[in-house]
Each structure stands twice: as structure tokens, then as C-alpha cells.
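First up is the structure itself, then whatever we jot down about it.
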Amino acid sequence: MKGKVSILVVGIGGYGSKYLECLLNYQNKEDIHIAGLISRNYKVSPFAKQIEELNIPVFTSLEEFYKTNQADLAIISSPIYLHKEQAIVALLSGSNVLCEKPTAGCVKDAEEMMETAKKMNKFLAIGYQWSFSDVILELKKDIISGVFGAPKRFKGMNLMPRPVSYFSSREWAGKKYTKEGTCIMDSVISNAASHQLHNIFFVLGNNMDTAATPKQIDFKLYRANDIETFDTAKLHITTEQGVEIIFCASHSVEKRCITFEYELENATVRFDEETPITAYLKDGTQKVYGTPNSFDEKVIKTIEFIKSGEGILPCVAETADAHLKVMDVLNEEIDHAICFSQDKMMFQEINGEKYLYVKGLSEALCNFYKKGVF
């Protein structure tokens with residue numbers, strides 16, 4: 001592709017702010033052109049001054065933008081319930097799409113998005129940044145090539161406290177549907193912990209742009225916060241290839257802890273937020289991969305893919321489908337999520353924010369992570 005890649009950024013709050021920052025600081029500025037932003041109030045953005053100085057056009061809707069403009073890439077970083085509608089508008093208007101995770105609130109909505117992408121001969125990439133990270137891609141190559149032998153048991157734990165205000169200040173947080181009936185299904189597994197769960201399926205994929213498929217899904221769901229979905233989950237999954245997956249996540253805990261352990265025939269790969277991803281081989285040697293912490297890699301690689309027309313995009317909607325299939329199974333049982341006993345619920349204050357946690361929950365989830373027993 002010759003010339004600059006024209007880019008529309010849909011939503012500039014939250015993760016959208018990170019996308020915009022990446023584009024404003026893009027190293028090869030001659031390669032890109034920010035064609036427009038979709039925002040209801042860009043002036044509250046920390047980049048409002050730059051937006052005005054650079055004369056970046058701001059629109060209130062995609063329809064308004066596409067009336068007189070075009071973009072090679074639409075980056076969608078809006079709430080989950082808007083993903084389907086906005087992605088389809090962008091695709092039908094001739095743009096490729098990089099959509100923030102998860103693809104949508106349910107498999108059905110994601111399928112509509114994928115069908116539109118195929119119809120328009122455009123790509124629909126999903127922003128699981130670990131899937132675009134060189135660190136993860138190198139690990140996946142080694143797993144595929146059999147360096148560590150056959151995968152056996154992959155475990156992950158994501159404990160991420162959320163302040164009570166998080167659920168009350170966002171109209172979609174912890175909700176099943178919008179008032180109009182659009183699927184949201186926001187939960188700890190669909191949102192905050194989705195990166196880590198998706199990554200397990202991703203690194204188990206047979207190719208660099210595919211993921212393993214869940215076959216058997218057993219689980220228990222819980223809630224402490226006053227939400228419609230669930231804020232705590234324990235999962236025991238078996239893939240079609242027979243790999244066992246143990247995964248747990250919660251917002252109702254005292255302290256943050258993100259870790260994983262991937263067990264293969266000849267090595268165990270471990271990670272936590274203080275230690276880089278490292279493979280410990282049975283012969284006593286180690287291979288250190290690093291920490292997959294770059295948000296910018298997915299933007300850079302997507303733009304490079306458009307520019308060159310070569311290679312692969314490691315995470316498209318089909319790649320992310322495994323995570324949504326798990327979510328669809330869990331969503332069928334949301335109404336039966338177990339409510340934690342009131343006498344176990346405690347509050348703590350951190351930096352002026354009120355947090356709800358369940359006494360003894362962290363220990364119980366750590367025990368599940370270690371043993372995989374409900």
C-alpha cells in the first residue's frame with residue numbers, strides 16, 4: 001500500500017486514550033494520518049490540546065464521519081455493547097477494524113461481525129495485546145514447534161480488586177443487557193481477566209493466528225458486588241486436543257495477583273507481574289522470554305500489515321472465538337451465580353476508594369489454582 005494509512009479512532013476515553021496516545025507518538029508519522037475521532041466530549045481528554053493544535057476532526061458518530069470521509073483502519077475502543085454496531089458500520093464503509101476486546105458480548109454478535117468482514121474483504125482484528133506481543137509470539141512458536149513437548153496442563157489466575165465506584169459509574173459495568181436488549185454480559189471473565197484466559201487458548205493454537213477450542217467446560221460463578229453478572233469465577237476446561245485448563249479470577253479480593261503456569265512434557269512456563277515469562281526445562285536450563293507489557297505493539301503491527309499487505313495478523317475475531325465460546329456457556333448460568341455470605345464481605349479503603357472483598361476468598365482461589373479442585 002502506498003501513502004499514509006488513514007485511521008479513525010472510535011472512543012478516546014479509557015483504552016481509547018491509549019490508542020490515541022500511541023498514534024500521536026507514532027515513530028513513523030509519515031506512515032499514518034489520523035482522519036478523525038469519534039467522541040461526545042473530546043475536551044475532557046488529556047490530549048485535547050494536541051487534537052486542536054493538529055486540527056484532528058472530531059465527530060459524534062461513525063455515520064457522520066463516513067458521510068464525507070474514509071479510513072483504511074477504524075480502531076474501536078467503546079463499551080462492549082457498541083462493538084457489533086460500530087464494527088459493522090466501519091466494515092460496510094470500507095474500513096478494516098481493530099476492535100478492543102472482547103469481540104462482542106456473545107458469539108452470535110461476533111459471528112455477524114465476522115460475516116460482514118468476510119463480505120467486505122476486510123479484516124476484523126481484536127485487541128488482545130498479548131497476542132501481538134513479540135514475547136508471547138516467540139513462546140507460541142516454541143510450543144507449536146514442540147520445543148517443550150506436548151502441552152499438558154495450563155493454569156492462570158487473575159485477582160484484580162475493583163472499587164465499588166467502578167460498577168456504579170459505568171452504565172454497562174456488570175450488566176447483562178442494555179435497556180434496548182443489546183448483549184453486554186460484562187463480567188470478570190469477559191473483561192478484566194479476558195486477556196489471560198484468551199492467551200491460554202491462543203498459545204495452544206496450532207498456527208500463529210489460531211487458538212485452541214474448548215470442549216468441556218466446568219465452572220462455578222459467584223458475586224459479591226451488587227451486579228447482574230458475576231465478579232468471581234473458577235473454571236476447569238478441557239480443549240479438543242485434551243489439554244487441561246485451570247483458571248480463576250475475581251474482583252472481590254484484597255490484593256492484586258496475576259500469574260500463570262503452563263505445564264508441558266519437558267518444561268514448565270511461569271509468569272507473574274514481578275517475574276518475566278520464563279520456561280524452566282527439565283534438564284535444568286531456562287529460557288527467559290520477557291514481559292508482554294507493550295500496548296503499542298498491536299497498533300504498530302496492524303498498521304504495518306495494512307502497509308505491506310504481507311504476513312498475518314495474530315489475533316482476528318476467529319482467533320478470539322474460543323474465549324467467547326466459554327463466555328456463552330457461562331452466561332447461560334449467570335442467574336445461578338452464588339452470592340457470597342454477607343458476614344464474609346468486608347470493606348477496605350485504598351487511595352480514597354472503597355473496595356469490597358470477601359474474607360478468605362484469595363486463599364480459596366489460590367488453592368483452586370494450585371490443585372484445580374472445586
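Taking 1 over the mean of 1/r across every pair of different Cα atoms in the range 231-304, what Kirkwood radius in Å do you get? Display every interim value, and only then the final one.
Working: mean 1/r = 0.0663 Å⁻¹.
Over the range 231-304, the inverse of the mean reciprocal pair distance is 15.1 Å.
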Inverse of mean 1/r across different Cα pairs in the chain, Kirkwood, Å:
21.5 Å
I want to make sure I understand the PRE zone here: with the label point 7 angstrom from the Cα of residue 240 toward its beta carbon, which residues in the range 170-214 have backbone N atoms less than 19 Å away?
198-214
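Could you list, in their original order, any pairs among 255/370; 152/359; 29/141; 119/325; 84/176; 84/234 whose Cα atoms are separated by more than 21 Å?
Values: 255/370 18 Å; 152/359 33 Å; 29/141 31 Å; 119/325 23 Å; 84/176 15 Å; 84/234 28 Å.
Beyond 21 Å between Cα atoms: 152/359; 29/141; 119/325; 84/234.
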Using the beta-carbon distance between residue 374 and residue 348 and R0 = 30 Å, what value does 1/(1 + (r/R0)^6) give for FRET efficiency, to the nearest 0.05?
0.65
Long-range HN-HN contacts of residue 316 with modeled amide H, under 5 Å:
126
Could you check which residue among 57, 79, 151 shows the biggest mean-square fluctuation in a GNM of the chain with a 10 Å Cα cutoff?
57
The long-range amide H neighbours of residue 36, using H built 1.01 Å from N in the peptide plane and a cut-off of under 5 Å, are 7, 9
Please check: in the Gaussian network model of the chain (C-alpha springs, under 10 Å), which one of 157, 113, 346 has the largest mean-square fluctuation.
346
Going Cα to Cα from residue 282, which aspartates and glutamates come in below 17 Å? Please leave out same-chain ones fewer than 8 positions away.
142, 261, 263, 265
Apportionment of accessible area to carbon and sulfur, the chain, percent (1.4 Å):
47 percent
Could you calculate the FRET efficiency of residue 333 with residue 118 from 1/(1 + (r/R0)^6), where r is the beta carbon distance between them and R0 is 45 Å, rounded to 0.05?
0.90
Going by alpha carbons, how many degrees (0 to 90, nearest 10) lie between the helix axis of 321-331 and the longest principal axis of the chain?
60 degrees
Using a Förster distance of 25 Å, the FRET efficiency for residue 274-residue 295 (Cβ separation, nearest 0.05)
0.80
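To the nearest 20 Debye, how big is the dipole of the range 263-374 about its Cα centre, given +1 on the beta carbon of each Lys and Arg and -1 on that of each Asp and Glu? The partial results should precede the final answer.
Working: 12 positive and 20 negative charges, 63 e Å.
Using Cβ point charges on Lys, Arg, Asp and Glu, the range 263-374 gives about 300 debye.
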When the charge dipole of the range 296-347 is computed with +1 on Lys and Arg Cβ and -1 on Asp and Glu Cβ about the Cα centre, the Cα farthest towards its positive end, among 330, 305, 316, belongs to 305
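The values are calculated or read from the model by the stated rules, or taken from the named source; none is laboratory data. The structure presented is a predicted model; accordingly, all values stated were derived computationally and were not measured. Every residue, glycine among them, receives a Cβ derived from its backbone with ideal geometry; neighbour counts consider all protein chains shown. SASA here: full protein model, heavy atoms, side chains in, ligands and nucleic acids out. Shrake-Rupley method; radii C 1.70, N 1.55, O 1.52, S 1.80 Å.
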